[in-house]
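What follows is one structure encoded as structure tokens, with my remarks underneath.
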Amino acid sequence: MEIRLIEKIPTADEFNMLTEAVGWGTREEKIVEEALRNTLYSLCVYDKDRLIGYGRIIGDKTIFLYIQDVMVIPQYQGRKIGTNIMEAVLKQVEEYMKINPDIRLYLGASKGMEAFYEKFGFVARPNDELGAGMIWGSRWKKK
């Protein structure tokens with residue numbers, strides 16, 4: 001293995017390959033390109049020239065940040081690659097916190113991954129102080 005973490009935006013093909021590998025499906029190239037163009041911070045993990053992991057931050061840099069698309073292809077999971085992604089992403093969050101120490105940082109954990117994010121200080125919602133996270137879109141509308 002020749003693992004490298006590189007701060008860059010992947011190609012739409014690379015991104016779709018990765019989302020397909022982790023079971024999230026794919027999207028049209030132009031949609032992926034637009035989404036990635038609007039990313040604040042983007043971290044790719046390569047084994048030689050193959051994208052094997054990814055994480056990014058979206059938001060407004062001052063009040064709201066959202067950690068998005070943290071993923072590692074299955075054959076590389078369990079090797080601390082996801083941990084390395086989160087550590088790098090959180091280091092970038094610290095830079096944004098220099099502007100506003102009270103910045104809000106969110107993420108949506110995939111089902112079963114909550115314990116992974118709790119290691120980094122995230123708490124599940126709802127809890128005694130915070131309401132449930134919500135989602136909108138035709139895919140999730142009640143029938």
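Tabulated data for the structure shown
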quantity	calculated
Residues of the stretch 60-89 satisfying the condition of being surrounded by 13 or more Cβ atoms within 10 Å (Cβ to Cβ), polar (S, T, N, Q), within 22 Å of GLY25 (Cα to Cα) and more than 11 Å from the chain's Cα centre (by Cα)	GLN77
Those residues of the stretch 92-143 which are within 19 Å of VAL72 (Cα to Cα) and charged (D, E, K, R), in sequence order	LYS111, GLU114, GLU118, LYS119
Scope the stretch 97-143; condition modelled with pLDDT under 90, of a type in the set (Lys, Arg) and either within 15 Å of the chain's Cα centre (by Cα) or in a loop (DSSP other than H, G, I, E, B) (or both); matching residues	LYS111, ARG125, LYS141, LYS142, LYS143
Conditions (1) crowded, with 17+ Cβ neighbours inside 10 Å; (2) within 18 Å of SER110 (Cβ to Cβ); (3) out of contact with any Leu (no Cβ under 6 Å at 6 or more places or on another chain); (4) aliphatic (A, V, I, L, M); number of the one not met by ILE57	(3)
Residue count for the stretch 6-27, restricted to those that are surrounded by fewer than 16 Cβ atoms within 10 Å (Cβ to Cβ) and within 22 Å of GLY59 (Cα to Cα)	6
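The values are calculated or read from the model by the stated rules, or taken from the named source; none is laboratory data. Everything quoted here is computed from the prediction, not taken from an experiment. Quick reminder, even Gly has a Cβ in these numbers, built from the backbone with ideal geometry, and neighbours come from all protein chains shown.
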